[in-house]
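Bear in mind that the values in this text are calculations on the coordinates, not laboratory data. All figures in this text were calculated on a predicted structure; none of them were measured in a lab. Note: ideal-geometry Cβ built from the backbone for every residue, glycine included; neighbour counts use all protein chains shown.
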Amino acid sequence: MTLTSLSSEELRKFIADKGLPVYRAKQLLHWIYTAGCGDFNEMLNIPKALRCTLAKTTVIRSLRLAARMKSTDGTEKNLFSLKDGEFIESVLMFEGSRRTLCVSTQAGCAMGCKFCLTGSTGFKRNLAAHEIVEQALFTRGRLLPGSDLTNIVLMGMGEPFENFENVREALMKFTSPAYLGISKRRITVSTCGNAAGIREMGRLGPDVNLAVSLNATTDKVRDKIMPINKRFPISELMAACREFPLNPHRKITFEYVMLKDINDTQKDAKRLLRLLNGIPSKVNLIPLNPYAGSRFTRSTDKNILGFQSLLVEGGVEAPIRKSKGADISAACGQLKNSKIYSEV
Ligand code: SAH
Ligand code: SF4
């Protein structure tokens, strides 16, 4: 049995069924989630005999760290193998005092966005909630006390709203003080534009930040580069965003991958401003991160800066995202599975 797959109530029951005092469950929760501990031997306030019994009958986590790569900019990419032999990746980025972990929600992705390496490799399976949570536990266990994880973005492999039940459970563990206790304001779910998922999260919560990968301003272009647009065309997507409940001072982030000769004209920038009208929003401009075999090219600096100027003049904050970890294929849209490690 995997302990991270249990809720706190289930863990209490598991401990009670063994005839042990209930505070042992609390101690275990602390070690697993607050301390990010992956080894029973380190749980020093738990008697050795009990640690041995637990080690014989259970495992703390199910993910196995298969490889770790470090970029020249400090970004780290972890490759994990899952119990059934699939692989996923998470990426840890450092920016000032922020330590942001980008986690995967699926092994692969079925959405097939044409500019994304994850999309081009196809879908393997949904991740269980504990497989999503464990990616953060590995990082928490390694960072020094006082320099813990500050932010989590669900922007790794996979589309969160295609696996929303498990994602919701993972979000609960990320935010609840009994588990990882990370503030909801520091967690972001990114979707390729599943309007039904946006509405569901708006209705049922949790009220974490929402990012929408828009990437085009007309259905004609978006249909070609993001197949999800046939299910939820731009008008429907923007309507869901307009109705999304936002707390004061909070915004929806729109991700916009800059593709040369596809979506980067001044006309696009003006259309984008019109689409965002009435939505408290911020646009992240992401110069395309290339990968071998991609048929797209990154927009020129001139076009990116021109696009940015129009957005800013129109009153929309539009930072150009620095690509992190590109030298180890850890940047947006470059996550794949084990194969990439044998290629490097
Ligand atoms: N499936 C979700 C989250 C993972 S993708 C989504 O699509 O939002 C995370 C981000 O990477 C998205 O904003 C996507 O548009 C961007 N992306 C995908 N491929 C990219 C590439 N080759 N270069 C730059 N960004 C890319
Ligand atoms: Fe999947 Fe997001 Fe990549 Fe599209 S951009 S293929 S939704 S991971």
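Some values worked out for this structure:
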read-out: Residues ILE320, ILE88, sorted so that the one with the fewest Cβ neighbours within 10 Å comes first; value: ILE320, ILE88
read-out: In order through segment 314-326: 3J(HN,Hα) via Karplus (6.51 cos²θ - 1.76 cosθ + 1.60), integer Hz, x for Gly, Pro; value: x, x, 10, 5, 9, x, 8, 6, 6, 7, 10, x, 4
read-out: Relative contact order %, segment 7-57, counting alpha carbon pairs below 8 Å whose residues are six or more apart; value: 23
read-out: Prolate/oblate/rounded label for segment 213-315 (Cα gyration tensor, a/c 1.5); value: oblate
read-out: Residue among GLN27, GLN334, GLN106 with the largest mean-square fluctuation in a Gaussian network model of the chain, springs linking Cα atoms under 10 Å; value: GLN27
read-out: Two-site FRET efficiency, GLU42 against ARG64, from Cβ-Cβ distance with R₀ of 25 Å, rounded to 0.05; value: 0.90
read-out: Footprinting exposure proxy for HIS130, HIS30 (fewest neighbouring C-beta atoms within 10 Å first); value: HIS30, HIS130
read-out: Inter-label distance, nm, simple model (7 Å from Cα along the C-beta direction), MET1/ALA49; value: 2.0
read-out: The chain, relative contact order in percent, only Cα pairs under 8 angstrom and at least six apart counted; value: 15
read-out: Residue-span extension gain [LYS270 to VAL22] - 0.36 nm each, minus C-alpha spacing; value: 83.2 nm
read-out: Choice from GLY19, GLY306, GLY122 with maximal GNM fluctuation in the chain (Cα, 10 Å cutoff); value: GLY19
read-out: Pair LEU305, GLU243: separation of 7 Å Cα→Cβ label points (nm); value: 4.3
read-out: Between segment 128-170 and segment 186-239, the alpha-carbon center distance in angstrom; value: 21
read-out: P(r) histogram, all alpha-carbon pairs of the chain included - 10 Å bins from 0, percent; value: 5, 25, 32, 23, 10, 4, 1
read-out: Value of relative contact order over segment 1-153, rounded to a whole percent, pairs C-alpha under 8 Å and six or more apart; value: 20
read-out: Whole-Å distance, taken between Cα centres, linking segment 24-57 and segment 267-290; value: 48
read-out: Cα gyration tensor category, rounded, prolate or oblate, for segment 7-57 with a/c compared to 1.5; value: oblate
read-out: Ascending count of other beta-carbon atoms within 10 Å, so fewest first, for SER176, SER190; value: SER176, SER190
read-out: Net length gained if the chain between ARG203 and ASP148 were fully extended (0.36 nm per residue, minus Cα distance); value: 16.7 nm
read-out: Charge context of VAL167, other residues only, Cβ under 12 angstrom, K/R +1, D/E -1; value: -4
